[in-house]
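The values are calculated or read from the model by the stated rules, or taken from the named source; none is laboratory data. Because the structure is a prediction, the values reported are computed rather than measured. Using ideal geometry, Cβ is built from the backbone for each residue, glycine included, and neighbour counts are taken over all protein chains shown. Note: areas computed on protein heavy atoms with side chains; ligands, DNA, RNA excluded. Shrake-Rupley method; radii C 1.70, N 1.55, O 1.52, S 1.80 Å.
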Amino acid sequence: MSEVTNKLLHVLAGRRVTQLKVDFGFTVSLWSPDLYVEIRIEQPFTFTSRDGRRYHVRPDDIETVCAALQIFNQVASGAAVDNGALRVEFESKLSFFVSPHQKYEAWTIAASNGLKIVCAPGGELAVWSPPHR
């Protein structure tokens, strides 16, 4: 398991989606008493429902965003990054997958403990670790 995947699992697993924001991106806010995490998706992504149906979601198209709203109030159970592609899974068997973009930042994860992970163009990751306390 990669170091980035380990960091993601640490900040996402067990945290509940408490807010979704839709504009020209799709933002997922997760909360627990000890940590707040925000995932910002800046491009189209794939959402998978409980029954395995896949939906192509474009954040700027409300008709496609509706399916992904099912993650509201769900608890994250897992996450992984592979070559810049982000996958987040939920206890309810919902998930989403974001591919890297060749020209733009595809997604960002920022946590209240100082962790920040940015998927730069082409899938390269920029990682800022939390300060040691």
How long are the three semi-axes of the equivalent ellipsoid for the chain, computed from the Cα gyration tensor as the root of 5 times each eigenvalue, in whole Å, largest first?
21, 18, 13
The chain, accessible area per residue, ligands and nucleic acids excluded (1.4 Å, Å²):
54
Accessible carbon and sulfur surface of the chain relative to its total accessible area, %, 1.4 Å:
50
Within straight-line cross-link reach of Lys116, lysines at Cα separation under 22 Å, skipping those fewer than 8 residues along the same chain:
Lys7, Lys21, Lys103
With charges set only on the Cβ (+1 for Lys and Arg, -1 for Asp and Glu), what does the dipole of region 1-120 come to about its Cα centre, in debye to the nearest 20?
160
If you average the alpha carbon positions of region 29-100 and of region 1-27, how far apart do those two centres end up, in angstrom?
8
